Structure formats: C-alpha cells, structure tokens
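The values are calculated or read from the model by the stated rules, or taken from the named source; none is laboratory data. For clarity, every value in this text was computed on a predicted model and none was experimentally measured. Cβ sites come from the backbone with ideal geometry, for glycine too, and all protein chains shown count toward neighbours. Heads up: the accessible areas ignore ligands, DNA and RNA and are worked out on the full protein's heavy atoms, side chains in. Shrake-Rupley method; radii C 1.70, N 1.55, O 1.52, S 1.80 Å.
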Amino acid sequence: MKVLLVGSGGREHALAWKLSQAPSLDELHAAPGNPGIAALGRCHPVRAEDGEGLLDLASSLEADLVVVGPEAPLVAGVADELRHLGLAVFGPSAAAARIEGSKSFAKDVMRAAGVPVAEPLSVARPPCVIKADGLAAGKGVFVCRDQHELDEALHAATAFGDAIVIEELLEGEEVSVFALCDGARALPLPALQDFKRIGDGDQGPNTGGMGSYSPVPGLGAAEVEEFVETIHQPVLDELASRGTPFVGLLFAGMMLTEDGPRVLEFNCRFGDPETQSLVPRLEGDLLEAFVAAARGDLSSVDIAVSEAAAVTVVIAAGRYPAAGDVGSPIDGIADAEEAGALVFHAGTALNGDQLVTNGGRILNVTGVSASVPAARERAYEACELISFPGMRYRRDIAAVAHV
C-alpha cells in the first residue's frame, strides 16, 4: 500500500514512525515532511496547504491512502479536493473540520448534541476565558483571572481575527481524549495530558504544547470509553445528521471538574505533542485502522494498547513562542536515540549534511518505560544529550503523575 502523509511537524514524524511499521505498507511518502520523516520514506516539496499540488502528487504516486496531519489544510478543504479525485483520505471534510475551525460552530454542535461545555459569557469580565474563534495553532486561548490578563488577552486575540468567544473559567484537570472515526462510529484511544504553557509550573504564555504523557492516572480504558460514548459519539451523530459525517481523528480537550467533564474544545486532527506519547503505546496496525476509517467501516478494527507509559518533552527555540530559530546546528540526536529515547523532528531542516533548527518547537523527545516516572526519567536523560544554541524545555513534564 502506498501512503501519502501530509504535514511536516513532530506529530507527522510520530505518525510516519508508526505507519512505517505496518505490514501492508509498501511506500511511505510525505508532503513536505521533514528530515526525520525522510529517514522513513520519501519527502516531496509540496506544502500541506497546497491542495492542487497535493492532488497532483497523490495522483502521480497512485497513493492508496492520504493521511492529512495538520488542521489548516483540513479546514481549508484539502481532504475534499482529494476525495473528489477518488482518493481514500484519513481526515475530515472542510464542513466537518469546522468543529475546530470555528469555536462558535463547535458550541452550536455541542449544544445540539447535549454535550457538557464551558458556558458562554455575554460580557468579558474576569475570571473568564477568551478564545480566538478561528484557527490559532494552539495559541488562541487566554485564561484571564484579573483585569490586566483580560486586557492583554483581548489585545492578543485580535491577532487571530476579529471574532472571539468568551467562556466561564473552569477549574480542574485538563485531558485530551482521541477517537478514530469513520463517519458513524468512534473508536477510543488512550487518554493523554499535555502542557500548554511555556514555563515550569504552567507559567508564561500558551504554546502549541511543551510536552505530554500517557496514561493519565484514573483514566483507564473503561473511563475513556465512557467519555467517547457520552461526548464524541453524540457530536459524531450530530455532524452526520447535518450531512457532514466526520472521518478522521476527533479530539476532545476536556476539563475534569467537580461537576463532571466539560468540553473545552474539539479538534479535527491528532494533537501535537500528544501524538508523540500516544503512538508508542499503540500495538495494533494503525495503517489498517486509518484505511478502515477512510472506507467508512471501523466495526472490525481493534487497536491493542501497551501497558507501557510514554512521556514527551518538547525542545523549543530560545525565544519561542514569540519567535522561532532558523539555521542553528543541532547535535546529540544519535546519542539520545542510543540512550533509548525516540526523537521526533518538529522544526528541523538540513543544511548540507548538518541538521539545523527551522521553527519554534524543534524536537520532541519521548521516553517509553513501564511507568510514567521511569519514562519521564528516560526522556529527560535524552534531552540532556541534545544541544543547539538557546534551546529550552520545561523541566516538569509529567512530574506529578504517578502511574
């Protein structure tokens, strides 16, 4: 089977790593990919948002399946263009991807589906949460506990567009719950927790994500299955009833409050960096599952999950999230891998034979072991072996998890 993977980040490298292990895979291609993915398959210089370019590439490759990683091309309708050509695609249509592309649309769907959500507020007054209505690469959510934070949030949110959503501020533990969807069915995957703020102790501005881990204490298979039955499935049913069935990965970001779970947001794709802690725990054939979802029938798919734990630490540029870094030489990846870690490329490029920085979040280092503390230790030991000028990473990823 020939597979075309769309995207260039750490999430896509992790997916490529897992897909490359599938028995049915003959060729793995990526557009545009990155140096890490290039070690697993062939990369092509086509941007993820270039629908026409992807159409031409998929046709020339005679791809059997296209897997779209990032949200921007999905919201822009790249999956629709590919399907019009008769290609099998893992990723929702533009109409279904609005569940992430528009916070107000997502609220409307969740209310119609009877899913518990953070309540909207008509006036921006602390404490509250301000959200950019459209796509913001994980950086469009602002928690406002006082007037100063609110003033800053209102100013920052305008950078993503004029429309904002104001919500009540919920307290509790935040978790990510993924489900593979075929338009009608939802297949649960293990729960994860990510760390959005740049600094230790959840200080500083939001980022695309600075780390993740799985499993989450107290959220085993039974608990996750209940979440998917009461949250993902009603939303899946509502989207189908509107004539926009969701095929792909439906990702619910939830707050576990004293009054039960509340959905903070839905995303239309795998999380990043959650995926980097998820795929090492999956023992089943992920390619087989993607193909089944794309064909509209997950009924016979069962993905086994390892008892092992995984912890991912994001290594970022020194000025991230305000700015990235380009062209700084990166050393020590081979040493980190020899120490037993998985290293997924997120913002890298090649300058001749030298691997260099090319973005904000540069590398994702994942440790896998029998427990979260052991996996955490492995990840951080590997991080110490990697170096580039100005690199930074949080030191407290999964520090309070004991599984």
What percent does the relative contact order of the chain come to when contacts are Cα pairs within less than 8 Å and at least six residues apart?
-> 16
Go ahead and set up a Gaussian network model of the chain, Cα springs under 10 Å, then flag whichever of ALA94, ALA379, ALA240 fluctuates most.
-> ALA240
Correct option for P(r) over Cα pairs in 20 Å bins from 0, in percent [calculated from the coordinates] among (1) 22, 45, 31, 2; (2) 25, 56, 17, 1, 0; (3) 29, 62, 9 = (3)
Give me the distance in nm between label points sitting 7 Å out from Cα along the Cα-to-Cβ direction at ALA370 and GLU173, one decimal.
-> 2.3
What percentage of the solvent-accessible surface of the stretch 12-136, computed with a 1.4 Å probe over protein heavy atoms, is contributed by carbon and sulfur atoms?
-> 50
Applying the gyration tensor rule to the Cα atoms of the stretch 96-159 (axes a ≥ b ≥ c; rounded if a/c under 1.5, else prolate if a/b exceeds b/c, else oblate), the class is oblate
Using alpha-carbon coordinates alone, the radius of gyration and Dmax of the stretch 312-394 in Å work out to 12.4, 39
If each of GLU229 and ASP200 carries a label point 7 Å out from its Cα toward its Cβ, how far apart are those two points in nm?
-> 4.3
The size of the Cβ-based charge dipole (Lys, Arg +1; Asp, Glu -1) of the stretch 211-289 about the Cα centre, to the nearest 20 debye, is 260
Express the accessible area of the stretch 176-282 per residue in Å², computed with a 1.4 Å probe while the remaining protein chains stay in the model.
-> 30
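Out of the stretch 373-403, which trypsin sites (Lys or Arg not before Pro) are coil in DSSP terms and have no more than 15 other C-beta atoms within 10 Å?
Sites meeting the loop and neighbour criteria: ARG395.
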Between exposed GluC sites (Glu not before Pro) in the chain, where DSSP calls loop and at most 15 other Cβ atoms lie within 10 Å, what's the longest gap?
-> 63-167
When the label point is put 7 Å from the Cα of ARG125 along its Cα-to-beta-carbon vector, which residues of the stretch 153-188 have a backbone N closer than 20 Å?
-> 153-155, 164-171
Determine which residues of the stretch 209-253 fall in the zone a paramagnetic label at ALA399 would reach in this model, i.e. backbone nitrogen under 13 Å from the point 7 Å along Cα→Cβ.
-> none
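Size of the dipole of the chain about the Cα centre, Lys and Arg at +1 and Asp and Glu at -1 on the beta carbon, nothing else charged, in debye to 20? Don't skip to the answer; put the middle values down first.
Numbers: 29 positive and 57 negative charges, 105 e Å.
My answer is approximately 500 debye.
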Distance in nm between ALA322 and GLN21 label points, each 7 Å along Cα→Cβ, equals 4.1
Among the trypsin sites (Lys or Arg not before Pro) within the stretch 83-158, which fall in a DSSP loop and have no more than 15 other Cβ atoms within 10 Å of their own Cβ?
-> ARG145
